[in-house]
Amino acid sequence: MTGGWFSQTGLARLHDVMAAHLERGDMPGSVALVARNGRAHIDVIGTRTFGDAEPLQRDDVFRITSMTKPITGAAVMALVDDGTLHLDAPVDDLLPELADRRVLRSIDARLDDTVPAKRPITLEDLLTFRMGLGMVFAQTTYPILDAEKELQLATLSPPFPPSPHSTDEWLRRLGTLPLMNQPGEQWMYNTGAHVLGAVLERATGKSLETVLRERVLGPLGMGDTAFAVSPAMRGRLTTAYAADWQTGELEVLDGVEGDYWSRPLAFPSASAWLLSTIDNFWIFVQMLLNRGVHDGTRILSASSVDLMTTDHLEPSQRAFASPFLGDTEGWGYCMAAPASGASPDTIPRGFGWDGGAGTSWRSDLDADLTGVLFTQRGMGSPQSAEVYADFWEAAYAAIDS
């Protein structure tokens, strides 16, 4: 780890790189944070929405989508720290709907073509996304994908629109599906984080947002991070855009009235539903960089932070994780983590994750570099659009060691 900061030339180039994307109409605005040695530089450009006369502000609110996952993971580990939950324990007692699982013989099998699960699903299976269910990228559909869509579970596809079901009904429906893989055998994206939301509710007897507020958001002072737009956040909400998959033209995914986020959900997604600001999220990242401590108060144990930010996957599981991870990144608890043997030239490196609605974060301990980018442009696929690649290249190039 080095103790330097950034060159002024490098920071100016980072600004110019992001401004060039605005000029091309790739997005209406962005908030870019780069930090080293505990010191952050934040650059805000553009507007909240295309055509807006008012400039974007540092405290404007973005949909961080899958960057919700690490915050969920932190809440789970807070309950592990106090003994409420145990990593190696089956989740059957809390989630009897997921007991006695059956597993498909193959991904394209009929739903009744199954074998018994070799063991129960554990809490660590959920945190490492090895519970046996998750997203599948294929040119065709399969019976289990059709069934998941019909059940309105919203775990095997982008989270829009959200599932309308309560926690109990959501779990009941999930429990009617077999697993795609044996518990613990393969990394599969997304569904594990949804189930962790149910674990948090069942373990505490409280709503998911209450648990997150009591265990993570409140202690960290993250008052602008929530599952729904509060009156105080309303005037600062940005518009979310996504590219049409045929034309590439940007279309409104969710407007400033917050169609999807305008009211609390029956069962908000612990995987992808939080709203936040750059400063709120930076507080969360700093807590992890300080190994669980915020302003002298311990939020998580150092060992829990280590578990969250350390790769738990075998090489074969990382390969199966393509196109999300491939062989360049591993997976800790609810976030990417540096994979052993990965090329040192790969950027970004470190722990963190991205949000499909236009956000990205990594903390690279070797370079003492943290980058957080908030935009309103959805990624559209696990492979980052040019704006994200350009941000990371410019962030690393700005280092003045």
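What to note about this one:
- Taken together, the residues in region 387-401 that are at pLDDT below 95 and assigned to a helix (DSSP H, G or I) amount to 3.
- One residue alone among Thr191, Thr176 is of a type in the set (Val, Ile, Thr) and either touching a Phe, Trp or Tyr at 6+ places or on another chain (Cβ under 6 Å) or closer than 26 Å to Asp354 by Cα (or both), and that residue is Thr191.
- Residue match in region 50-73 (condition: at pLDDT below 95 and charged (D, E, K, R)): yes
- When Thr84, Thr72 are screened for being more than 18 Å from Phe391 (Cβ to Cβ), surrounded by 20 or more Cβ atoms within 10 Å (Cβ to Cβ), of a type in the set (Ser, Thr, Tyr) and touching a helix residue (DSSP H, G or I) at 6+ places or on another chain (Cβ under 9 Å), only Thr72 passes.
- Only listed residue being modelled with pLDDT of 95 or more, more than 23 Å from Asp364 (Cβ to Cβ) and either aliphatic (A, V, I, L, M) or not assigned by TED's automatic domain parsing to the domain that holds Ser163 (or both), chosen from Ser271, Ser303: Ser271
- Residues satisfying the stated conditions in region 272-309, i.e. among the polar types (S, T, N, Q) and farther than 17 Å from Phe351 by Cα: Ser276, Thr277, Asn280, Thr297, Ser301
- Taking the listed residues Thr210, Thr247, the one that is of a type in the set (Ser, Thr, Tyr) and over 26 Å from Leu127 (Cβ atoms) is Thr247, with no other qualifying.
- Residue list for region 45-68, restricted to those being in contact (Cβ under 8 Å) with a residue 40 or more places away in the chain, surrounded by 15 or more Cβ atoms within 10 Å (Cβ to Cβ) and touching a strand residue (DSSP E or B) at 6+ places or on another chain (Cβ under 6 Å): Leu56, Val61, Phe62, Arg63, Ile64, Thr65, Ser66, Met67
- Flag for Glu329 being without any contact (Cβ under 8 Å) to a residue 60 or more places away in the chain and surrounded by 20 or more Cβ atoms within 10 Å (Cβ to Cβ): yes
- The residue of region 140-153 that is modelled with the highest pLDDT, among those that are more than 25 Å from the chain's Cα centre (by Cα) and farther than 18 Å from Tyr189 by Cβ, is Pro143.
- When Ile278 is tested against (1) under 28 Å from His21 (Cβ atoms); (2) out of contact with any Phe, Trp or Tyr (no Cβ under 7 Å at 6 or more places or on another chain), exactly one condition is not met: (2).
- Number of the exception - Trp170 against (1) in a loop (DSSP other than H, G, I, E, B); (2) crowded, with 21+ Cβ neighbours inside 10 Å: (1)
- Residues of region 87-103 classified as part of a strand (DSSP E or B), more than 25 Å from the chain's Cα centre (by Cα) and crowded, with 17+ Cβ neighbours inside 10 Å, total: 1
- Of the listed requirements (1) surrounded by fewer than 23 Cβ atoms within 10 Å (Cβ to Cβ); (2) touching a residue at least 60 places away in the same chain (Cβ under 8 Å), Val211 misses just one: (1).
Let's see how each residue does on (1) surrounded by 15 or more Cβ atoms within 10 Å (Cβ to Cβ); (2) more than 14 Å from Ala193 (Cβ to Cβ); (3) outside the structural domain of Ala339 (by TED's automatic domain parsing); (4) not aromatic (Phe, Trp, Tyr):
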| site | (1), (2), (3), (4) |
| --- | --- |
| Arg105 | no, yes, yes, yes |
| Asp112 | no, yes, yes, yes |
| Lys118 | no, yes, yes, yes |
| Thr128 | yes, no, yes, yes |
| Met135 | yes, no, yes, yes |
| Ala138 | no, yes, yes, yes |
| Thr141 | no, yes, yes, yes |
| Glu148 | yes, yes, yes, yes |
| Ala154 | yes, no, yes, yes |
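Yes or no, residue by residue, for (1) among the polar types (S, T, N, Q); (2) at pLDDT below 95; (3) over 22 Å from the mean Cα position of the chain (by Cα):
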{"residue": "Leu174", "(1), (2), (3)": "no, no, no"}
{"residue": "Ala198", "(1), (2), (3)": "no, no, no"}
{"residue": "Gly205", "(1), (2), (3)": "no, no, yes"}
{"residue": "Glu209", "(1), (2), (3)": "no, no, no"}
{"residue": "Thr225", "(1), (2), (3)": "yes, no, no"}
{"residue": "Val229", "(1), (2), (3)": "no, yes, no"}
{"residue": "Ala232", "(1), (2), (3)": "no, yes, yes"}
{"residue": "Ala243", "(1), (2), (3)": "no, yes, no"}
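The values are calculated or read from the model by the stated rules, or taken from the named source; none is laboratory data. In this text, all values refer to a predicted model and were calculated from it rather than measured experimentally. Glycine also receives a Cβ, built like all others from the backbone with ideal geometry; neighbour counts cover every protein chain displayed.
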